[in-house]
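Sending over a structure as structure tokens; questions will come in a sec.
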Number of protein chains: 4
Amino acid sequence: MKVGIVGATGYGGLELIRFLHNHPAVEQIDLFTSSEEGVQFSSKFGHLVKIADTPLQKIAYDTLAKFDVVFTSTPSGVTSELLPPLVGKGPKLIDLSGDFRLKDLASYETWYGKKAAPYHSVQQSVYGLTEWNTELIRQATLVANPGCYPTAVLLSLLPLVKERLIDPSFLVIDAKSGISGAGNKPSQTTHFSETNENFSIYKVNTHQHIPEIEQALSMFAQADTAITFNTHLVPMTRGILATSYAPVMQGITEAQLISCLQATYENHPFVRIVTDASSLGTNRVKGSNYCDILVKVDSRTNRATIVSVIDNLVKGAAGQAIQNMNVQFDLPQTTGLDVVPFFI
Amino acid sequence: MKVGIVGATGYGGLELIRFLHNHPAVEQIDLFTSSEEGVQFSSKFGHLVKIADTPLQKIAYDTLAKFDVVFTSTPSGVTSELLPPLVGKGPKLIDLSGDFRLKDLASYETWYGKKAAPYHSVQQSVYGLTEWNTELIRQATLVANPGCYPTAVLLSLLPLVKERLIDPSFLVIDAKSGISGAGNKPSQTTHFSETNENFSIYKVNTHQHIPEIEQALSMFAQADTAITFNTHLVPMTRGILATSYAPVMQGITEAQLISCLQATYENHPFVRIVTDASSLGTNRVKGSNYCDILVKVDSRTNRATIVSVIDNLVKGAAGQAIQNMNVQFDLPQTTGLDVVPFFI
Amino acid sequence: MKVGIVGATGYGGLELIRFLHNHPAVEQIDLFTSSEEGVQFSSKFGHLVKIADTPLQKIAYDTLAKFDVVFTSTPSGVTSELLPPLVGKGPKLIDLSGDFRLKDLASYETWYGKKAAPYHSVQQSVYGLTEWNTELIRQATLVANPGCYPTAVLLSLLPLVKERLIDPSFLVIDAKSGISGAGNKPSQTTHFSETNENFSIYKVNTHQHIPEIEQALSMFAQADTAITFNTHLVPMTRGILATSYAPVMQGITEAQLISCLQATYENHPFVRIVTDASSLGTNRVKGSNYCDILVKVDSRTNRATIVSVIDNLVKGAAGQAIQNMNVQFDLPQTTGLDVVPFFI
Amino acid sequence: MKVGIVGATGYGGLELIRFLHNHPAVEQIDLFTSSEEGVQFSSKFGHLVKIADTPLQKIAYDTLAKFDVVFTSTPSGVTSELLPPLVGKGPKLIDLSGDFRLKDLASYETWYGKKAAPYHSVQQSVYGLTEWNTELIRQATLVANPGCYPTAVLLSLLPLVKERLIDPSFLVIDAKSGISGAGNKPSQTTHFSETNENFSIYKVNTHQHIPEIEQALSMFAQADTAITFNTHLVPMTRGILATSYAPVMQGITEAQLISCLQATYENHPFVRIVTDASSLGTNRVKGSNYCDILVKVDSRTNRATIVSVIDNLVKGAAGQAIQNMNVQFDLPQTTGLDVVPFFI
């Protein structure tokens, strides 16, 4: 397989390279950029010396059309223009940006503040939450890879909402992310001295992943609901932990919630249900494609606390993108992704 | 004023020393310990050379009785025995542990798993949430200084619950703390390599600060309610951020919530209502006695998001303890506490 | 005293505010900036709400001339033009930038790559290493406040070099700094995700503090020597630790080195000689104006290891600047600076 | 190949598992411990659920003798007794502790303060600095895997000392390590709140890796010299950066130093000479088996600054151990180790 990566210099791009370098079915990786044509990639990223010494290439349709797969890992508003002409021209397209995730174009324009991609392309795209959309992904030409927060949230909530074990009308989701989620562009918000030793909330009630989560709750669990969703920055590089709260339906027990999650993910290699812990942290999944989920019911309030952790750059971005590629090419989902989490 | 500190080697004790060293009304600070009698304090804590070179003293009632104030900053289960004989014997007693906070002894024993302090002493003690209990604190002999999480949570929620601007029957509180909250005793949970770059949830739905928050909601805001409360560890040393969620009462606006908070704390020097920010972080209050509060109403769900930040070791422990001492001695509350937050 | 701060939005400026806010002799602090005239300071820095709510003012000579002291904390190349017209016009001038430190203008232009300040102003300025230049500082109109690295290095080496207890012809100085030394302007080098969990060397053998250290070794210890000096970035915000190596002169013992340091700093409140430790870290001095120094002789090689720690923003910048102001106004050096180090 | 790991619960053991899990020639990994026989490994380390769910086994000679390879990753003083009876009994033995590194037993006892391993076993063991001892490692039954600091230092210094391009009689080595080097056992020194935001020097001039480095300089570069060597703790988990200083021999240029390094490591996949950078950090090699080296000559002093970075747990421990195993089994050195550094 020949793979092209557009937006290779971002953190999503770098993680794609990290995993694809060891992917047994990938024989060639070409890197594309909008502005640094000809620059040797490893001269920008010293950790890739002897690994990715190839020059960055100019983005050109003819060139891109020749690949088996093209990953796009660009800021929002780029692939809405870049990808539509490539759809159906040969390569499988896997877009890591938010441009093709929202089926409702008006919603995209409201939450992203940008012009939406063409209607037809958006409808053609398949939402790439691998465990929940496997069959459509297999046939898709254009995969809209999920956002990092939605991945963590949906994998933990969808089974419970779908089976109506928890009440979807009062979902409170409190999410926390490492700083790498903000990308590689320097800003005051990501300046070390002001980020280090600082835990903060941002985009209060206005994060653009809200409509994505709501759309998926509707799509996969038939729940049309307005969620409360907030996001926080943790002074660490990688990892998302999402803590979700919902009333438990009358008569439902903690054991039933656990069973539901276990049954749902029984045959899914990357989702692990944590049953014996009183704590759960992001270091359980660091550097890997796992999503670990813990659920507890508080008998004092009859509310469930549902916790999930992922590595935002892996299961929340590059890892899930490769998992989707594996599905599209009928490879085992774990191909190239079977790595042990770092822990420390 | 002569001040004694029992449990000086813990982080609460160290912070008491940091502030009392510059307190204009304090002329002597003696340090007490259960096990290292005679050891020069600065030989254990090099940062205190030339500042606190005095030897640690043995805990003895006769000695303690001669101080104007005795702060106790010990693990739970210690002062329940140590302090009752000292009540009324002379010194003002300010206890930073949890032993005198819960008026319901059975509740203490359930949540702390330890024997409660004697009934009479517990009823005599005054809950030291300075802004909400000033008059009783002024007259108190024994102050039960609030827990770090309850301080952050209550300062932000009490005004809104008391005025019934938000619905106390569905309070979800998601709290996050720096690691110093776990104290100075090494453990696997606080071992650098496993704590650094790891964000985790712990004591899911079972933190002993739950009954303390509920008691104060009842006491100060006449709301008898069971809260949902969870705690997380942030890979940083200092700081608590609590994100609370509640339905807004019918017809109430964000402006009314803000006004309520502003009116409540108008004359309170250490509480600041944040009105112009879309983000809020712990570095705004680092090293200081401030509590900063932000409230936003999400019109999509008609739920409020209430965020507060404190330094867990200052307003959440030693700072509030000294604030209470100031109240007891009719000093301005800011005496010795008027420091600028570190920010970086 | 009325104090003006030019460059208040930088970290040096913020630290000046932090300490001057509690300085008993300072009654007014005005903040100046080149570009944000009229902006309320605390609207930029939320931690200063209720503390520094004043508007930023435009830099104007007439205004600045009316202050008792003007601190300038600006990037290099700014005060070389700004300050000369103010010299002798009234205010004591304390410059935290590098523009007036090097007496040799050609050296400045080589190492800084910028045009030097006028010859006359540079010669008039006094190098503000408080402990070593007290008398000249007392009379100075323009103080060139030392660089952060030179402060840590010189305080530890000058006594030993001056007394020729160590050999100045083979000085190797390996220095490490927290990221705040790079200032508040975002860049790839200070971007959290690439700085966190990364220890790096930078400006190998080419740091502009080299000539400053060499000049001071010559000026205060009569040693004309070329040093080896390197600088590293530590993934933390505050603190400098400098490890210096030099051959010990024939027949000199570790005890003599220690005695020399103790004798030199006997009456200096901010320098502490560490005698009983096998380790030394930056947290001993965090947030304070202390410089702690440890010296050990390795009998295997007859070389000395000399270690010193400071808070780069305090003794390495704002703290020493205020210490110099105290000297200029015949106040005790500790005025406004007598704070306990944070430790944690 | 069947592999046994003794000391699996330490960080060296965990890293062995991380890499061996993906090693194509390894079909079975058994885990041994001195104290937790029967405990399911993943119940202790949640990140290994679905990956290493096997029970910990009791250490027994008969069992260990049946493996193809046995890695021992234990505190010093354990394998000096454990391994001698196993030598020649079947398995290749690769010891990650310091017990077999020093050929001079008296030196071991002086620096480690423990009883040395039997003379015969020590002499039989082969020092496992892969790039410098390949042939002996290939034939070895017992490999003494190098220490983390010595690996970083020796790979950078040996070529230059061996060719006498730098003067071995004045070597100053200033090394810095992440906290994981201290292992997984909690202590005050590794307690998060006292380690975070603290850079410190420890074991001044007395680190037990000094004789190991000196022995290798003698063994591989015929230089009998006493080095100056110091170690520092960096508030991060992984990574070592060593900055070494030495006079450059008369007439030797920077270009010659670079050429020497390049020529030495031309065919060695894990050593990379950095030629175009003015900075070098540990994140270039994080999580990988690479060692990156930078050399600069300061023409002002005619001294060389030689910088090297490794991941202390990989090239400094588990990675190099597996690299040695690959050599012993005539596999390409990169087998199972060909991973892309994390960078962030």
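From the helices alone, meaning DSSP H stretches of at least four residues, give me the mean residue ellipticity at 222 nm for chain B, per-run term -39500 (n - 2.57), in deg cm²/dmol to the nearest 500.
Result for chain B, helices only: -7500 deg cm²/dmol.
Show me, bin by bin at 10 Å from 0, the whole-percent P(r) of the range C:288-344 based on Cα pairs.
Spelled out per bin, shortest first, that is 22, 37, 22, 15, 4.
Largest first and to the nearest Å, give the Cα extent of the range C:102-193 along each principal axis.
For the range C:102-193, the Cα spread along each principal axis is 45, 36, 25 Å.
Cut-off is 10 Å between beta-carbons; in what order do B:GLU194, A:GLU212 appear when sorted fewest neighbours first?
B:GLU194, A:GLU212
For the range D:150-195, what does the alpha-carbon gyration tensor say about shape, rounded, prolate or oblate, given a ≥ b ≥ c as the root eigenvalues, a/c under 1.5 as rounded, and a/b over b/c as prolate?
It is prolate, given that a/c is not under 1.5 and a/b is the larger ratio.
With a cap of 10 neighbouring Cβ atoms within 10 Å, and only residues DSSP puts in a loop, list the GluC sites (Glu not before Pro) found in the range B:1-103.
Those that pass, being in a loop and sparsely packed, are B:GLU27.
Residue by residue through the range B:264-272, which ³J(HN,Hα) values in whole Hz follow from phi under the Karplus form 6.51 cos²θ - 1.76 cosθ + 1.60 (θ = phi - 60°), with glycine and proline marked x?
4, 9, 3, 9, 10, x, 9, 10, 10
Quick one: order B:SER107, B:SER169 by neighbouring beta-carbon count within 10 Å, fewest to most.
B:SER169, B:SER107
What percentages make up the Cα-Cα pair-distance distribution of chain B when the bins are 10 Å wide from 0?
6, 26, 35, 24, 8, 1, 0
While we're looking at this one, here's another question. Measure nothing fancy, just the Cα-based angle from helix C:209-221's long axis to the longest principal axis of chain C, in degrees from 0 to 90, nearest 10.
Helix C:209-221 and the main axis of chain C meet at about 70 degrees.
Could you work out the local net charge near A:GLY4, counting Lys and Arg as +1, Asp and Glu as -1, over the other residues with Cβ closer than 11 Å to its Cβ?
On the way: positive: A:LYS2, A:LYS66, A:LYS92; negative: A:ASP30, A:ASP68.
Counting the neighbours of A:GLY4, the net charge comes to +1.
Further, regarding this structure: If a/c stays under 1.5 just call it rounded; otherwise compare a/b with b/c (prolate if a/b is bigger, oblate if not). Do that for the range B:20-128, with a ≥ b ≥ c from the square roots of the Cα gyration tensor eigenvalues.
prolate
Next up: Below 8 Å, C-alpha to C-alpha, sequence gap of six or more: please give me the relative contact order for the range D:36-85 in percent. Spell out each step's value before the answer.
Working: 34 pairs, mean separation 13.8, N = 50.
Relative contact order of the range D:36-85: 28 percent.
Still on this structure: Quick one: grab Rg to one decimal and Dmax as a whole number for the range B:149-313, Cα atoms only, in Å.
15.9, 51
I've got another one for you. Would you mind checking the tilt of helix C:148-162 against the longest principal axis of the Cα atoms of chain C, expressed as 0 to 90 degrees and rounded to 10?
So the helix axis and the longest Cα principal axis differ by about 40 degrees.
In the protein assembly as shown, what % of DSSP beta bridges are antiparallel (nearest 5)?
Of all bridge pairs located within the protein assembly as shown, approximately 50 percent are antiparallel.
Mind running the shape call on the range C:65-156? Use the C-alpha gyration tensor, a ≥ b ≥ c as the square roots of the eigenvalues: rounded below 1.5 for a/c, prolate if a/b tops b/c, oblate otherwise.
oblate
Using Cα positions and a limit of under 12 Å, work out the aspartates and glutamates in reach of C:LYS58, with same-chain residues fewer than 8 apart set aside.
C:ASP30, C:GLU36, C:GLU37
Taking springs between alpha-carbon atoms closer than 10 angstrom, which of D:GLY287, D:GLY251, D:GLY90 fluctuates most in the Gaussian network model of chain D?
D:GLY251
When only C-alpha pairs under 8 Å and at least 6 residues apart count, what is the relative contact order of the range C:1-122, in percent? Before the final figure, lay out the partial values.
Numbers: 206 pairs, mean separation 28.5, N = 122.
It comes to 23 percent, rounded to a whole number.
I would also like to ask the following. Let me see the P(r) profile for the range D:222-285: every Cα-Cα distance counted, bins of 5 Å, each bin given as a percent of all pairs.
It works out to 3, 11, 16, 21, 24, 16, 8, 1, 0, in whole percents.
Still on this structure, please answer the following. Please give the net charge around B:ALA60, taking every other residue with its beta carbon less than 12 angstrom from that of B:ALA60, where Lys and Arg add +1 and Asp and Glu add -1. Working shown, then result.
Working: positive: B:LYS58, B:LYS66; negative: B:ASP30, B:GLU37, B:ASP62.
Within the 12 Å Cβ shell, the charges total -1.
Would you mind checking C:LYS92/C:LYS115; D:LYS2/D:LYS44; B:LYS92/C:LYS286; D:LYS44/D:LYS103; B:LYS2/B:LYS89 for any pair whose Cα atoms are more than 26 angstrom apart? Working shown, then result.
Details: C:LYS92/C:LYS115 24 Å; D:LYS2/D:LYS44 23 Å; B:LYS92/C:LYS286 32 Å; D:LYS44/D:LYS103 37 Å; B:LYS2/B:LYS89 15 Å.
Exceeds cut-off: B:LYS92/C:LYS286; D:LYS44/D:LYS103.
Considering the options B:VAL204, B:LEU64, B:PHE41, tell which one lies farthest towards the positive end of the dipole of chain B, charges being +1 on Lys and Arg and -1 on Asp and Glu at the Cβ, about the Cα centre.
About the Cα centre, the residue reaching furthest to the positive side is B:PHE41.
If you rank C:ASP224, A:ASP68 by fewest surrounding Cβ atoms within 10 Å, what's the result?
Details: C:ASP224 11, A:ASP68 18.
Ascending number of Cβ neighbours within 10 Å: C:ASP224, A:ASP68.
Here's something else I'd like to know. Mean separation of Cα pairs under 8 Å and 6+ residues apart, divided by the residue count of chain C: what relative contact order is that in percent?
Worked out over chain C, it gives 17 percent.
A:ASN289: net charge of surrounding residues, Cβ under 14 Å, Lys/Arg +1, Asp/Glu -1, itself excluded?
On the way: positive: A:ARG18, A:ARG238, A:ARG272, A:ARG284, A:LYS286, A:LYS315, D:LYS50; negative: A:GLU15, A:GLU131, A:ASP292, A:ASP311, A:ASP338.
Surrounding charge for A:ASN289 is +2.
Follow-up question, since we're still on this one. Output the Kirkwood hydrodynamic radius of the protein assembly as shown, Cα pairs only, in Å rounded to one decimal. Working shown, then result.
Numbers: mean 1/r = 0.0304 Å⁻¹.
So the Kirkwood estimate lands at 32.9 Å.
While we're here: Given 37 °C and 0.692 mPa s, compute D for the range C:5-80 with the Stokes-Einstein relation, Rh being the Kirkwood radius over Cα pairs; round to the nearest whole µm²/s.
259 µm²/s
Throughout, read-outs are computed from the coordinates displayed, never taken from laboratory work. Everything numeric here is computed off the predicted structure, so don't read it as measured data. With ideal geometry, Cβ positions are generated from the backbone for all residues, glycine too; neighbour counts draw on all protein chains shown.
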